Each structure stands twice: as structure tokens, then as C-alpha cells.
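Undergrad: Below are the C-alpha cells for one structure; questions will follow.
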Amino acid sequence: MKSISILLFSFVFSLSLMAGANPTGTSAPAGTAALNGYVLDRLSGEALGGVEITIEGTDQHFYTDFDGKFEIQGLAPGSYNLIVSYISYEKSLLESIPVKAGDENSLDIRLVATK
């Protein structure tokens, strides 16, 4: 009886996961936009992993991967200010970054090392 209960639970759980699946394969809701790009060292061009990118005025924080790449999905189209910070580098404020739905919104950011 216990194995039947476990099997039934697994089946129902699997169905609930499939019901919430997105058949289009996209993760951003319709009408939203995404912003992606790389964060690099200004002098060497080296990719910077673990850089924090914050949308000003929110508590939304994003981080670059090992290759310096970031992706921010689910943004409402508009203009955003981004705060970019990384240890041993000057904090950078990027103002009025336009983000449009349906467009490729790419941004490469170059940070200056502190002295």
C-alpha cells in the first residue's frame, strides 16, 4: 500500500510540473524584454566573473558568470539605471539604458581597476 501511495504521489507531482511547463521554451513573459552582455576589465579586456549588477531603485541583483556574461530577463520595456560593482574595481553607474521588447538588448560593460 505504501508503494502505491508513493507511486501515485510521484505521478501527480509529475503532472503538476508538466502543467506549469512553458511549451515555447522561452522564460520571459510576453511583452517583456531582456538585457544581456559582458563585463570586462577596461585595460586588459579580461572577462570578470562574479560582478554584481543591480537595477537602481530595486533589490534585484544579477551576477556575471565565469566568462563575464550576464542576462537579465523579464524586464518591462523602458529605460534603466544599472549599478555595476566588483571588488578592486570602481563602482560604475550606467544611466538610461534603453530596453525594448523584441529587440536584442546587448551591453558590454568595461570596469576600471582601483589603484
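Undergrad: Got a number for residues in segment 57-66 being charged (D, E, K, R) and either farther than 15 Å from D108 by Cβ or within 9 Å of the chain's Cα centre (by Cα) (or both)?
TA: Total satisfying the criteria: 1.
Undergrad: Which one is farthest from the chain's Cα centre (by Cα), of the residues in segment 67-115 that are charged (D, E, K, R) and either under 19 Å from G57 (Cα atoms) or modelled with pLDDT under 95 (or both)?
TA: Top of the filtered list is K115.
Undergrad: Pull out all pairs, ordered by first then second residue, where Cβ-Cβ is under 7 Å, the residues are six or more apart or on different chains, the first lies in segment 74-87 and is within 11 Å of L35 (Cα to Cα) and surrounded by 12 or more Cβ atoms within 10 Å (Cβ to Cβ), and the second is hydroxyl-bearing (S, T, Y) and at pLDDT below 95.
TA: Listed pairs, sorted by first residue: L75/T32.
Undergrad: Where the second residue is assigned to a strand (DSSP E or B) and among the β-branched types (V, I, T) and the first is closer than 17 Å to Y80 by Cα and lies in segment 41-63, which pairs have Cβ atoms under 6 Å and are six or more apart or on separate chains?
TA: I53/V84; T54/I83; E56/I83; H61/T54; F62/I53; F62/I72
Undergrad: So which residues in segment 88-115 are in contact with a Phe, Trp or Tyr (Cβ under 7 Å, 6 or more places away or on another chain) and under 10 Å from L35 (Cα atoms), if there are any at all?
TA: Those that are in contact with a Phe, Trp or Tyr (Cβ under 7 Å, 6 or more places away or on another chain) and under 10 Å from L35 (Cα atoms): I97, V99.
Undergrad: Among the residues in segment 42-50, are any modelled with pLDDT of 50 or more, closer than 30 Å to K91 by Cβ and part of a strand (DSSP E or B)?
TA: Scanning segment 42-50, I find at least one residue that is modelled with pLDDT of 50 or more, closer than 30 Å to K91 by Cβ and part of a strand (DSSP E or B), so the answer is yes.
The values are calculated or read from the model by the stated rules, or taken from the named source; none is laboratory data. Please read these numbers as outputs of a predicted model, since none were measured by experiment. Backbone-built Cβ (ideal geometry, glycine too); neighbour counts: all protein chains shown.
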